[in-house]
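Q: First, the structure itself, so that you have it in front of you.
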Amino acid sequence: MNNKIKKSFWKYFIFPFVVVLVLLFLLRPIGDSLIVNDPLQKSDLITAISGPEYRIIYAAELYKKGLGATLFFTGGFSEENQRSEATWSKYVATITGVPEEAIAIDDTTVISTYDEAVLLKKYMEAHPGTIQSIIVVTDAYHTRRARWIYQKVLGDEITILMAPVPFDRTGLSKSWWANAESRKFVFNEYLKFGFYVLRYQMTSGLSSYDDPGMKPGKKRQQSE
């Protein structure tokens, strides 16, 4: 093999291969560290964080598998969609086969994941002693921050299991760096998680306005 062929071999085969390995080694853990995917077991309640419709459908599927006794949805009136998001979630769940009596909603306007956790806590307080474990459905890259928030709001005595919607049912990719929507999601999650932790530690609590950029009544295409 002459020097010219050797150089071409390194340039077009070995070097790109090494670059891919390095990227996978460095970039994959950045996205993976945001993901919590718990082994699921039967729980008292399943909730889907407000956002894309596939979250509602996935939560309904988990209910139909017998993994929860109640489905809980939140979401106030959306100016963009001209509907109550909580009511719409209930409708979507029912047309997939979930009985109406198994669905609870709160159509109070929410502008953050924290707000949704607070509404769930209020529902639990209105049904004392009946809910000790929950399954939270959301996008994969949202799961770590969401669990942190729900655990802070609901308390350590409540068992919280995270159920991320599978990537192939969303517009996101496990190779987050190769997908524009995933890159944005991962970047924003690190910013928001840092904001949550910093604010919580500085103020010993969270406010209803802990998610930058959210506006009342706006549908959360990806939960903030």
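Q: Going down the table (Lys152/Lys192; Lys42/Lys152; Lys42/Lys65; Lys64/Lys90), which pairs top 19 Å between alpha carbons?
A: Values: Lys152/Lys192 16 Å; Lys42/Lys152 22 Å; Lys42/Lys65 9 Å; Lys64/Lys90 14 Å.
Flagged as over cut-off: Lys42/Lys152.
Q: Quick one: go through segment 101-130 and flag any residue whose amide nitrogen is under 13 Å from the point 7 Å out along the Cα-to-Cβ line of Thr159.
A: none
Q: Let me ask you something else. For segment 45-203, what is the percent of antiparallel DSSP beta bridges, rounded to the nearest 5? Present the calculation step by step, with values, prior to reporting the outcome.
A: Details: 2 of 19 bridges.
If we restrict to bridges inside segment 45-203, about 10 percent are antiparallel.
Q: In whole angstrom, note down how far apart the Cα centers of segment 149-192 and segment 82-140 are.
A: Here the two parts' Cα centres lie 18 Å apart.
Q: Then there is this: Count the net charge of all other residues whose Cβ sits under 11 Å from the Cβ of Lys174, scoring Lys and Arg as +1 and Asp and Glu as -1.
A: Details: positive: Arg28; negative: Asp32, Asp168.
For residues surrounding Lys174, the net value is -1.
Q: Treat each spin label as a single point 7 Å out from the Cα along the C-beta direction, and report the Tyr91 to Phe187 distance in nm.
A: 3.5 nm
Q: While we're looking at this one, here's another question. For segment 71-84, in order, what is each residue's ³J(HN,Hα) by Karplus, 6.51 cos²θ - 1.76 cosθ + 1.60 with θ = phi - 60°, in whole Hz (x at glycine and Pro)?
A: Listing the rounded values in order: 9, 10, 10, 10, x, x, 6, 9, 5, 5, 9, 6, 6, 7 Hz.
Q: To continue, here is another question. Say a paramagnetic label sat at a point 7 Å from the Cα of Gln41, along Cα to Cβ; which residues of segment 138-166 have their backbone N under 17 Å from it?
A: Once the point is set 7 Å along Cα→Cβ of Gln41, 157-163 turn out to lie under 17 Å by backbone N, inside segment 138-166.
Q: Under the rule of at least 5 residues apart or a separate chain, name every residue whose amide H is placed under 5 Å from the amide H of Gly68.
A: Amide H neighbours of Gly68, under 5 Å, 5+ apart: Ser43.
Q: Same structure again: What ranking of Ile57, Ile135 emerges when the number of other C-beta atoms within 10 Å of each C-beta is taken as an exposure proxy, fewest first?
A: Ascending Cβ contact count within 10 Å gives the list Ile57, Ile135.
Q: Another question, if that's okay. Taking R0 as 35 Å, what FRET efficiency do you get between Ala180 and Glu100 from their Cβ-Cβ distance, rounded to the nearest 0.05? Write down the numbers at each step before the final one.
A: Values: r = 39 Å, r/R0 = 1.11.
The value I calculate is 0.35.
Q: With the dipole of segment 45-203 worked out from charges on the C-beta (+1 for Lys and Arg, -1 for Asp and Glu) around the Cα centre, which of Thr94, Ala178, Gly129 lies farthest toward the positive end?
A: Ala178
Q: What does the charge count around Ala60 come to, taking other residues whose C-beta lies under 15 Å from its C-beta (Lys +1, Arg +1, Asp -1, Glu -1)?
A: Working: positive: Arg55, Lys64, Lys65, Lys90, Arg169; negative: Glu53, Glu61, Glu100, Glu101.
That works out to +1.
Q: How do Tyr123, Tyr63 rank when sorted from fewest to most other Cβ atoms within 10 Å of their own Cβ?
A: Details: Tyr123 19, Tyr63 23.
Exposure proxy ranking, most exposed first: Tyr123, Tyr63.
Q: Around Arg183, what is the net charge, scoring Lys/Arg as +1 and Asp/Glu as -1 over all other residues with Cβ under 13 Å from its Cβ? Numbers along the way, then the final one.
A: Working: positive: Lys174, Lys184; negative: Glu181, Glu189.
With Lys, Arg at +1 and Asp, Glu at -1, the net is 0.
Q: When we measure straight from the Cα of Lys174, which aspartates and glutamates land under 16 angstrom away, once same-chain ones fewer than 8 places off are left out?
A: Hits, sequence-local ones excluded: Asp32, Asp139, Glu189.
Q: Okay, next question. So how do Arg147, Arg55 line up by other beta-carbon neighbours within 10 Å, fewest first? Write down the numbers at each step before the final one.
A: Working: Arg147 17, Arg55 28.
Ranking Arg147, Arg55 by Cβ neighbours within 10 Å, fewest first, gives Arg147, Arg55.
Every read-out reported here was derived from the displayed coordinates using simple, explicitly stated rules and does not represent laboratory data. Keep in mind it's a predicted model, so treat the numbers as computed, not measured. Here Cβ is always computed from backbone atoms with ideal geometry, including for glycine, and neighbour counts include all displayed protein chains.
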